[in-house]
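Worksheet: the structure to be examined is printed underneath.
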Amino acid sequence: MEAAWFVLIAFMLTVYVVLDGFDFGAGILHLFVAKTDDERRTVLSAIGPFWDGNEVWLVAAGGTLVFAFPRVYSVAFSGFYLPLMIVLWLLILRGVSIEFRSHQSNPLWRSFWDATFALASLLIALVLGASLGNLIRGVPLDSTGYFRAPLFTDFRTGPEPGALDWYTILVAVFVALVLAGHGALFLFWKTSGTVAQRSERLARRIWILVLPMAIVATIGTSYVQPAIFKMLISRPWTWPLLLVAVAALAVVYLSLGRRKELSAFLGSAGFIAGMLAITAAEMFPTILPSTLDPASSLTVWNSSSGRTGLLIGLVWWIPAVLLAIAYFVYLFRSFRGKVTLKPATDGY
Amino acid sequence: MDALAWDRFQFGFTITYHYLFPQLTMGLALLIVVFKLIALRTGDEHHNEVARFWAKIFGVNFAVGVVTGIPMEFQFGTNWARFSDFAGGVIGLTLAMEGMFAFFAESAFLGLFLFGEKKLGPKGHFGAALMLFLGSWLSGYFIVVTNAFMQHPTGYVVGPGGALHLADVWSYLFNAWAIWEYLHTMSAAVITSSFVVCAIGAYWALMNLHQPHARICLRIGVIAGLIASFLQLFPTGDRHGRLVADHQRPTLAAMEGKFQSSARAELVIIGQPDVAAHRLDNPLIVPDVLSFLAYGSFGATVYGLEDFPRELWPDNVELLYYMYHVMVGLGTIFIAVMACAGILLWKGALYRFRPMLWILMLSAPFPYIATTAGWMTAELGRQPWIVYGLQRTDHGTSPNVSGGTVAFSTLGYLGLYLVLGIVFLYLVGREIAHGPVSRSKPASA
Ligand code: HDD
Ligand code: HEM
Ligand code: HEM
């Protein structure tokens, strides 16, 4: 039962990163792929109908985490107090910059929100990456059951690391790069004209960097958290996930070569999902490793809520997620095809 | 101040701010459905224009509601870690379901509603409005269930480690407290939105602008506002009060400023509590009525604060008392205002009777005040408990987050929300100045 919830939460967070990832990526590249006001409106219209729904996956995953693993939720969120506050403020700024920009045609107003949008997107992508790095590396959980992570210490991954050290920064850069590439492929797929051309060109450059970065990040991980690789060897049933990630990466390269927009985008979605899934699968049953004492690590067994509750929750969760998926399919169908700008009065 | 005080201030401030936006959007969602329905049935284009105008206001409010809502969810973990740890196994269910069942629907259909009118056609567009309404009212229910559990826990068991586990979903989801709290809150949201719709209608009428639209706003606004104002007092406010009387006796005593228990208890209309001296200064009272309102009989005994040990008293009796009286006082005034406006509407004189239009135009802020006062009553009245009777608020904080840190983040929220508020008001002001008629066409004054 606890294991099932681990899978469900990993699934929700993966969907979150894949979906919100493309609008973060589009945000990171916003200033580069779109120069004129019409081009920028094209980018915003491409992500406009989706970004809020994408973010709901984070909200829903958060709610699910409180429900299934209250200890993890409370320990991790209070431990990363300041980094999280910064993320929340950035999320606020990013959300309003998408929605407020269109309400005024003053060029300074629009440039201001464009820059806010791009900067906030980049910073959140980096922070998401750094949090992933922290989850893998572990945090200084002690016998009180809580920890407090400073923003950074000496940038080394010792027993008392900060939220930022060389490893988490490495993961952060890797994640931001992949999300930028993901966003570029999304724009390549959903837009036309100069925006699509520029996105395609950027996508090629970014994805060339992804492979070497992936190798560096993997080596870094094997050094910081060797347990993951021991698990990989002892759990053959997780190998297909690895295969998915590698194959999806190949799909990205092949489709970019043949200029197949949708399959390139799906490839990068598969790559992100595969990488996250393999990481989660090898971490299991640990959710939050302790750098001080493995006995203090939070696992699915010592941090979950009661079995009856979890069973009841499952009964509710399944129809809920089916409904959510149905909404998303409907939404993507309703806004299918390339974005065409409407006359300047409505929309973004 | 220590961490607890800052935590409480931060939560109170951010939730109050957040709730300024959903209370309008939830009510407006209903009114927009009404406008669209009339437009669909009669083919009247003015109703569609009014719906489009309010959809724009809705959009701006929704955006701010969304971005200020996300910090709320995370604050449970960041500032109230021991509370999340303790109650998460129960309240997590509705926090998750709110996202899965309601927010997905809202965000999906908002895009369709705001940008898809041509694509969907009139029926489809009405459907999108309806889904938006259902989504937002459903999210209201889930969050109110969460709050009702904190007020009056049901459906849980205490697990082996001391944390709460969900045992009976139905008694959790259909907690009597949740049902009355929900009806009262939703009715309040309809009050807020009808007052706002009336205020804009009155403004146009007074300025001699957009006459047909002004009439639509005034007519629908007054009818909805009148119904909701009555529902606010009876049955929802009345039944909600009885639940407090049954399950939170010290709270009721503090709300009413009652220090000594008595049968045939009197209802206080005005008066200032003096907590040190255990009495109410210069009270204006109606004899016997409180016993009747709380327990249905004039002879029933109502307990006073002195019947309870001091550590069970809400810790801010004065503020609780004032907030409760502000809510009820404003509620009574709303009924009076809407009743007068309703009579004038019925006589066909509302659009020309300028004093009433002035009153309607200036009333718009007061439902926000009443709602905030109502929440302050509920949340201060819950003290000293964070989960009533089960966990005390001072046992709910994060042990690893210091007061200074929370002070810092609180100041961050204050600053950010101030800027957000200014930009919000500016944008809403612009939409109002544009009026209901599409910008390319000349204004039909
Ligand atoms: C437009 C806003 C508004 C108005 C006019 C009223 N209320 Fe209210 N009231 C609310 C908005 C509100 C609220 C903000 O929605 C609350 C906070 C928590 C809740 O469930 O609803 C609330 C709570 C609330 C509570 C619960 C307090 C607690 O939980 O400790 C009671 C007993 C009442 N109300 C009673 C009334 C009565 C008798 C009214 C007479 C007209 C009234 N309210 C008008
Ligand atoms: C419906 C969902 C809500 C939940 C789950 C909730 C939960 C909480 C929590 C956890 C706290 C901090 C702990 C405490 O001081 O007891 C709190 C305090 C507070 N909340 Fe709520 N709240 C909700 C709705 C609201 C709304 C809509 C408002 C106001 C408009 C509000 C006003 C306050 C205030 C003013 C405080 C601080 C009171 C104090 O000093 O303790 N709450 N609430
Ligand atoms: C502690 C309490 C609360 C939490 C944790 C919370 C959480 C949230 C979150 C995360 C969102 C953003 C959803 C999105 O991305 O679309 C949101 C928006 C919203 N919330 Fe809250 N909320 C709280 C209190 C309330 C209350 C008391 C109500 C109403 C009764 C409410 C009603 C809404 C609605 C209708 C929205 C949609 C946005 C809008 O219409 O402005 N929330 N809330």
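The values are calculated or read from the model by the stated rules, or taken from the named source; none is laboratory data. Model, not experiment: these values are computed from the prediction. Note that each Cβ is placed from the backbone with ideal geometry, even for glycine, and that neighbours are counted across all protein chains shown. Each accessible area value is taken on the protein alone, full model and side chains, heavy atoms only, with ligands, DNA and RNA left out. Shrake-Rupley method; radii C 1.70, N 1.55, O 1.52, S 1.80 Å.
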### Summary
When chain A is treated as a Gaussian network with springs between alpha carbons less than 10 Å apart, the largest mean-square fluctuation among A:Leu132, A:Leu292, A:Leu323 is found at A:Leu323
### Task
Taking a cut-off of 17 Å between Cα atoms, list the aspartates and glutamates near A:Lys260, but don't count ones fewer than 8 places away on the same chain.
A:Glu200
### Query
Given the C-alpha centroids of region B:337-410 and region A:111-184, what is the distance between them in whole angstrom?
38
### Task
Would you mind counting up the charge near B:Leu284? Only other residues with Cβ under 14 Å from its Cβ, with Lys and Arg at +1 and Asp and Glu at -1.
-3
### Summary
With the charge dipole of chain B built from beta-carbon charges (+1 for Lys and Arg, -1 for Asp and Glu) about the Cα centre, the Cα from B:Met376, B:Met186, B:Ser402 projecting farthest to the positive end belongs to B:Met186
### Message
Which residue fluctuates most in the GNM of chain B (Cα springs below 10 Å): B:Leu183, B:Leu243, B:Leu427?
### Response
B:Leu427
### Message
Around B:Gly43, under 15 Å between beta carbons, what's the net of Lys plus Arg minus Asp minus Glu among the other residues?
### Response
0
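Under the Kirkwood approximation for Rh and a Cα-based Rg, what ratio Rg/Rh is obtained for region A:11-135?
Rounded to two decimals, Rg/Rh equals 1.01.
Can you tell me the dipole magnitude for the protein assembly as shown around its Cα centre, using point charges on the Cβ only (Lys, Arg +1; Asp, Glu -1), in Debye to the nearest 20?
Rounded to the nearest 20 debye, it is 2840 debye.
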### Summary
In degrees rounded to 10, the 0-90 angle between helix B:354-363 Cα long axis and the longest Cα principal axis of chain B is 50
### Query
From the Cα gyration tensor of region B:225-336, with a ≥ b ≥ c the square roots of its eigenvalues, which class applies: rounded if a/c is under 1.5, or else prolate if a/b is larger than b/c, or else oblate?
prolate
### Cβ charges +1 (Lys, Arg) and -1 (Asp, Glu), total dipole of region B:303-413, debye
760
### Task
State which helices in chain A qualify, where a helix is a whole DSSP H run, it must extend 20 Å or more along its own axis by its Cα atoms, and its mean Kyte-Doolittle hydropathy must be at least 1.6.
A:2-33, A:81-100, A:166-190, A:239-258
### Query
Taking only the alpha carbons of chain A, what extent do you get along each of the three principal axes, in Å, biggest first?
61, 42, 37
### Folded to 0 to 90 degrees: helix B:238-247 orientation relative to chain B principal axis, Cα
20
### Task
Please give the net charge around B:Ala5, taking every other residue with its beta carbon less than 14 angstrom from that of B:Ala5, where Lys and Arg add +1 and Asp and Glu add -1.
-3
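Report, as an integer, the average count of C-beta atoms from other chains found within 10 Å of each Cβ along A:91-98.
On the way: counts 5, 10, 4, 1, 6, 12, 0, 2.
Across the residues of A:91-98, the mean count of other-chain Cβ atoms within 10 Å is 5.
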### Given charges at Cβ of Lys, Arg, Asp, Glu: region A:143-241 dipole, positive-most of A:Pro212, A:Met231, A:Val173
A:Pro212
### Task
Mind giving me the nanometre distance, one decimal, between the label points for A:Leu209 and B:Tyr295, set 7 Å out from Cα along Cα→Cβ?
7.4
### Query
Among B:Ala205, B:Gly237, B:Trp170, whose Cα sits farthest toward the positive end of the charge dipole of region B:95-243 (+1 at Cβ of Lys/Arg, -1 at Cβ of Asp/Glu, about the Cα centre)?
B:Ala205
### Query
Tell me, what is the FRET efficiency for B:Glu306 and B:Ile333 to the nearest 0.05, using R0 = 25 angstrom and their Cβ-Cβ distance as r?
0.15
### Query
Taking only Cα atoms, what is the 0 to 90° angle, nearest 10, from helix B:104-115's long axis to the longest principal axis of chain B?
20
### Query
Suppose every K and R has +1 on its Cβ and every D and E has -1 on its Cβ; what is the size of the dipole of chain A about the Cα centre, in Debye to the nearest 20?
940
### Message
Quick check on my link table: of B:Lys56/B:Lys123; A:Lys338/B:Lys36; B:Lys36/B:Lys119, which ones sit more than 22 Å apart, alpha carbon to alpha carbon?
### Response
A:Lys338/B:Lys36
## Note on the structure
Placing each pseudo-label 7 Å from Cα in the direction of the beta carbon, A:Leu254 and A:Ile325 end up separated by a distance in nanometres of 2.5
### Task
With an 8 Å cut-off on Cα pairs and a minimum separation of 6 or more residues, tell me the relative contact order of chain B in percent.
21
### Query
Based on the alpha-carbon gyration tensor of region A:118-183 and its eigenvalue square roots a ≥ b ≥ c, which shape applies: rounded if a/c is under 1.5, prolate if not and a/b is larger than b/c, or oblate?
prolate
### Task
Provide the solvent-accessible area of B:Arg264, counting protein heavy atoms only and rolling a 1.4 Å probe, rounded to the nearest 10 Å².
130
### Message
Connecting C-alpha atoms closer than 10 Å in a GNM of chain A, tell me which of A:Leu164, A:Leu242, A:Leu29 has the biggest fluctuation.
### Response
A:Leu242
